[in-house]
1. Counting only C-alpha contacts under 8 Å and six or more residues apart, can you give the relative contact order of the stretch 434-574 as a whole percent?
2. Heavy atoms only, probe 1.4 angstrom, no DNA, RNA or ligands counted: give me Val39, Val371, Val288 ranked by accessible area, highest first.
3. Once you've got the Cα coordinates, tell me which of Lys96/Lys631; Lys91/Lys327; Lys472/Lys507 are over 29 Å apart.
4. Around Val619, which amide H atoms from residues at least 5 apart in sequence, or from another chain, sit under 5 Å from its own amide H, with H modelled in the peptide plane?
5. Restricting things to alpha carbons, tell me how big the stretch 565-610 is in terms of Rg and Dmax, in Å.
6. Cα-Cα pairs above 15 Å in the stretch 307-374: how many percent?
7. What lysines sit close enough to Lys444 to cross-link, taking a C-alpha to C-alpha distance under 18 Å and skipping anything fewer than 8 places away on the same chain?
8. Not counting the cut sites, what is the longest span of the chain without GluC sites (Glu not before Pro) that DSSP labels loop and that have at most 14 other Cβ atoms within 10 Å?
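The values are calculated or read from the model by the stated rules, or taken from the named source; none is laboratory data. Because the structure is a prediction, the values reported are computed rather than measured. Methodologically, a virtual Cβ is constructed for each residue, glycine included, from the backbone with ideal geometry; neighbour enumeration extends over all protein chains shown. Surface areas here come from the heavy atoms of the whole protein model, side chains and all, with no ligands, DNA or RNA. Shrake-Rupley method; radii C 1.70, N 1.55, O 1.52, S 1.80 Å.
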Amino acid sequence: MQLLSIHISSLPIEDPVLKFLIELIIILGAPLLLNKIKVPHLLGLLIAGALVGPNGLNLLSRDSSVVVTGTTGLLYIMFLAGLEIDMGDFKKNMGKSVTFTAYTFAVPFILGVLGGYYVLHFSMLTSVLFASLFSSHTLISYPLVSKLGISKNLSVNITVGGTMLTDVLSLLVLAVVVGMTQGEVNGAFWFQLGFSVLAFSLTVLLVFPIIGRWFFKKVDDKISQYIFVLVMIYLAAVLAELAGIEAIIGAFFAGLALNRLIPHTSALMNRVEFVGNAIFIPFFLISVGMLIDFTVFFKSLETLEVAAVMLVASIGGKYLAAVLTQKTFRLTKEEGMLIFGLSSASAAATLAAVMVGYNIIVSENANGETVRLLSEHVLNGSILLILISCTVSSFVSMASAQKIAAVDKEATASGINKETENILLAVNYEDTVEKMVNLSLLIKASHNRDRLFALNIINDEKNESSVKNAEKTLHTAVTTAAAADVQIQPLTRYDSDVASGISNVIKEQKITDLILGLQPGKGFTPSLVYNLTNAYLQNDNVNTLIYHSAQPISTIKKYLVLIPPRADKEPGFFQALLRVWNIGKTSGAVMAFYTSSQIIHIIERVAKKSNIELTLHPVEYWGEAEQIATKIAEDEGLIIFMARRGMASYFPRMGLLPDFLNEHALQNNFLLIYPFSQQTEDQTEKRSVSNHDDFVEISRMISKIFPA
């Protein structure tokens, strides 16, 4: 007790354990309390930070530990925005993001210049820097949107892309104004800035993926993989600062660079999101709250006048920009308001820019007082701007995001049947289990959290090694899926015949997809080929997938997808196609389709509704496809649509594919897909073309174009 009293005898509290306890209580309590009264917990963390900070009760100081974790939280928000963005949609909608950037940069900037020059009577140079504060914004409400599962919505995609561009433009204005005050804006200035930014961009976007792919191939340790991600975030941030731009741009670029290496359904993505949302991002919000000083608003009327102009220019300008974007691209009202909510927040980055202007001394007045580029009134006004803009952003983002999520949920519920997808992994070898689970996480529907099964067949119950092997492999499957917040149900079955045991489980659990794994380096064995033909494929009402993994699935850059002519006539073709589509959508890999012109036409129509990165190559003869498969390169995968005997797309050469793959593809990942060839009456009634929630639109489109 005596020791404790010594530590808290004066404020702010210096005891590290007690300081961290208070911060954790805030992080825990704010969401629990504020969710009950429908207030965004982000706002609660800001207010709590203001109350316990140096300008409030002075319980905690905004020391280096708070700054470091808070800075990490800000970098984390931008990194997640780049990591979670759909790269196909990002490239497709880049033009829309540029248009939004023009609106959200120009409108607040013009209002800021007019307000600064004509209302506040600043100099033109000061007015330009003053206006640049309102053009940029911080995605402080992005975690709310991500949590509701709408991070892939078009409005979010546009806003995230625009955020990067507006921040770069705002920082460019800052650099130019500062350079002009110091007389350094010349040809050398522009060359150095342009060269450093270009070098930074190429390094992060081109070199980082190479380093990441190499690391994830060589290192399996989960903790090391997560630490590697943190290293990449901070390394990109440091490189950005060396290039003369803000660290948050570096973090966003790091997210883009690692986007394809961390699948959205993977265990690593789950860890990245969990740690960020639980620790780093809340610390950032608390650290921003500690900057707020309510007393400054009562010290000077001029401060309130400056703050009023800042609020009108910033929040009013962002609202007008969001409305213009909504009207230009014919978005819904909720999507327009979501753009406004995400782009209306000004936070630590704005204050950092203000501090740069505040620290630049332009001259002295007649009284010998220093004249700063941005006055103390602007500094104090920015505090009020941070408080009100973050409040507006939190409320508007939560309200509009909830409405969009509710509409998506209703569409999902009407478009798919959650009972219909049951995926079975037939696991036997421990070294293939994690790879099979990772594949299942890519192809499953996002709503399917507990309808995955891992089966191990024991054909000799007296053999203790077989029993122990079963327990070990099933435990690996369960823990691997659990790391991605997915539940796998372990099944142990005693049966004298493995194929018979699998077939019985398929019937008992109403399995829709069966995944079989090949041992790395061994490929197809004669016994497997026999069982495949005479047993596994006899279950003609399930999709059967044969998977061989030579490297982590997240490190595959491109898939060659071979689809035989007339495959679209198979009953299970669209189910199989959507499984492949989900691999492309979730992993971000390029999907190169080699198939007939008729099927290419189908794929083109599907791609208009659900965009992935793909290339289309017409192939009318299967021999051409086989020649292409022999040229498969490193870090490429192979996906082949197969057919059961007697089906429309079956041809005799398919029987030679196992030997072909053993000879040409054992150094690569490959996946054979046998679409189901027959549906039960119950499946015909209930089983819809379903997959990831993003594919509700694709499902509806397919059902209209190709009615059953």
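1. Numbers: 146 pairs, mean separation 33.3, N = 141.
Worked out over the stretch 434-574, it gives 24 percent.
2. Values: Val39 25, Val371 55, Val288 0 Å².
The ordering from most to least exposed comes out as Val371, Val39, Val288.
3. Details: Lys96/Lys631 37 Å; Lys91/Lys327 21 Å; Lys472/Lys507 25 Å.
Too far apart for the 29 Å limit: Lys96/Lys631.
4. Thr595, Ser596, Ser597
5. When restricted to the Cα atoms of the stretch 565-610, Rg and Dmax are 10.6, 28 Å.
6. So the portion of pairs separated by more than 15 Å is 65 percent.
7. The reachable lysines, counting only those whose Cα sits under 18 Å from Lys444, are Lys152, Lys409, Lys418, Lys435, Lys510, Lys585, Lys686.
8. Working: sites that count: Glu184, Glu369, Glu419, Glu461, Glu620, Glu634.
Excluding the exposed sites themselves, the longest stretch runs over 185-368.
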